[in-house]
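Scroll down for the structure; my scribbles are underneath it.
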Amino acid sequence: MPKVTYNSNLNDITFVAFDVETTGLSPVANRLVELSGVKFSYDNGKVETFSELIDPEMPIPREVTNIHGITDRMVRGKPNAAAVIPKFLSFIGADSVLIAHNAPFDLEFMRVNIARLGLVCPENYVVDTLVLSREVLPEAPRHQLKTVVEMLELPSGGYHRALADSEHVKEVFRLLTARSHFPCFENLCAIGAVTTFNFDQFAEQVADALPEAAKKTMEKIQKAIDSKLVVEITYNGAVVSRRKVQPISLIHSRGQIYLTAFCKMARAERTFRIDRIDRIEA
């Protein structure tokens, strides 16, 4: 686990405020288009920034572009998530504490993408400024990042771009903790604002609730992943199809478990719900 302890003084911690922009709301069906972070110490402000546009390898819906302003042309030729995410994990390091506003959304996209790459999910602590805002500003009409920034009379603008929102999260965190006279990490834990990057409270419960056939399918898939085997599956999707796939990883997201695999028929990466795989053979 990170070296940060409950008794750590906030001045002794390296923080990384971060944010993602995506092609939609589903971590499984949609993709990252931007990932940014601001590394800082609590008392000295900004130390270092990370910001990358990401080619999602799929079109960005117009209605989503209208929100964050990122177009297909802007991401064309940019590195994909497989290139950017390892760089970001290196940037945050093992001992920093991450901060995000409505952290479960950003974390779910990150965890799914890390699982897709077959990487080990980091164990860094994560602070959610949405929880912090609800605790410190109960009078706020809403707790969206834009509303909180304006209530605190912080510099505004640039919303829904990952680096700008990371800067906003950093300043919201510093001001709210100062107003609350929170000197230690323990204070943030006490109000329920802290989780860990790799914590997924429902993954085990969902796996246990799967039908026995689906559990056996998962076991076969895990063996195929470990042995780097190609398997043939019968998939009961929109239509029933037989496919040869190279399993990459098993992913839990929002109450479902998925297989991410390279599909030989589509010649591209595809995602399959475990409970819709009727047959699997090496």
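Values computed for the structure shown
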| quantity | calculated |
| --- | --- |
| Selected residue [farther than 21 Å from F272 by Cβ, touching a strand residue (DSSP E or B) at 6+ places or on another chain (Cβ under 9 Å) and in a loop (DSSP other than H, G, I, E, B)] from F199, F182 | F199 |
| Complete set of residues in region 17-62 that are among the charged types (D, E, K, R), surrounded by fewer than 18 Cβ atoms within 10 Å (Cβ to Cβ) and over 15 Å from R73 (Cα atoms) | D43, K46, E48 |
| Pairs, first closer than 30 Å to Q246 by Cβ in region 111-130, second of a type in the set (A, V, I, L, M, F, W, C) and crowded, with 22+ Cβ neighbours inside 10 Å, C-beta under 7 Å, six or more apart | N113/L32; N113/A81; C121/I114 |
| Flag if L98 is in contact with a His (Cβ under 7 Å, 6 or more places away or on another chain) and closer than 14 Å to D19 by Cα | no |
| S90 being part of a helix (DSSP H, G or I) and either touching a Ser or Thr at 6+ places or on another chain (Cβ under 9 Å) or closer than 16 Å to L176 by Cα (or both) | no |
| Residue match in region 242-250 (condition: open to solvent by less than 60 Å² (accessible area, probe 1.4 Å), in a strand (DSSP E or B) and of a type in the set (D, E, K, R)) | yes |
| Pick from region 195-222, criterion in contact with an Asp or Glu (Cβ under 8 Å, 6 or more places away or on another chain) and open to solvent by less than 40 Å² (accessible area, probe 1.4 Å), ranking: farthest from E135 (Cα to Cα) | A214 |
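The values are calculated or read from the model by the stated rules, or taken from the named source; none is laboratory data. All values derive from a computational prediction rather than experimental measurement. Using ideal geometry, Cβ is built from the backbone for each residue, glycine included, and neighbour counts are taken over all protein chains shown. In case anyone asks, the SASA skips ligands and DNA or RNA and just uses the protein heavy atoms, side chains included. Shrake-Rupley method; radii C 1.70, N 1.55, O 1.52, S 1.80 Å.
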